[in-house]
Amino acid sequence: MVGWFEIPVSDMDRAKTFYETVFKVDIKDVEFDGLKMGWFPEHKGSNQSSGALIKQSSYVPSKEGVLIYFVSKNVQVELDRVEAAGGKIGLEKTKISENNGFMGMFIDTEGNKIALHSDA
């Protein structure tokens with residue numbers, strides 16, 4: 001079970017704008033001793049984890065690392081917002097199997113590979 005995630009960014013403002021546009025959420029600016037973070041909304045009382053965009057020299061955006069899946073009602077909704085927000089589609093909405101729903105993938109404005117999952 002994932003408790004927290006961090007997405008590396010090179011340009012915090014650009015990344016915040018991208019994720020706020022794609023997911024229609026507000027990302028909160030937080031700073032700890034020079035470490036810039038953009039916190040996604042918390043999901044208290046649910047089984048969903050939260051996380052942050054993070055800018056620091058040891059965090060390097062990449063599409064080669066861990067793949068994070070964001071839960072969605074219908075992955076096509078977010079995929080339709082990706083290119084207008086400055087990202088690129090990596091995998092169109094694809095049926096996983098009869099009982100496992102759908103997935104899609106995109107490259108964000110920072111170069112990270114991010115996935116989406118939905119039942120519909």
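Restricting to segment 59-75, what's the tally of residues that are charged (D, E, K, R) and open to solvent by less than 100 Å² (accessible area, probe 1.4 Å)?
0
Looking only at segment 1-22, count how many residues are aromatic (F, W, Y) and modelled with pLDDT under 95.
Qualifying residue count, segment 1-22: 2.
What strands (runs of 3 or more DSSP E), lying completely within segment 11-75, carry at least 3 residues that are among the aromatic types (F, W, Y)?
Of the strands (runs of 3 or more DSSP E) lying wholly inside segment 11-75, none has at least 3 residues that are among the aromatic types (F, W, Y).
Conditions: (1) part of a strand (DSSP E or B); (2) modelled with pLDDT under 95. N99 meets all but one. Number of the miss?
It is condition (1) that N99 fails.
Given the criterion modelled with pLDDT of 95 or more and on the phi > 0 side of the Ramachandran plot, identify the matching residue among G104, G86, G90.
The conditions single out G86.
Filter segment 42-53 down to the residues that are over 12 Å from the mean Cα position of the chain (by Cα) and not small (G, A, S), then identify the one that is modelled with the lowest pLDDT.
N47
Among the listed residues E83, E78, E98, which satisfies the condition of being open to solvent by 60 Å² or more (accessible area, probe 1.4 Å) and either aromatic (F, W, Y) or under 15 Å from the mean Cα position of the chain (by Cα) (or both)?
When all the criteria are applied, what remains is E83.
The values are calculated or read from the model by the stated rules, or taken from the named source; none is laboratory data. Please read these numbers as outputs of a predicted model, since none were measured by experiment. Heads up: the accessible areas ignore ligands, DNA and RNA and are worked out on the full protein's heavy atoms, side chains in. Shrake-Rupley method; radii C 1.70, N 1.55, O 1.52, S 1.80 Å.
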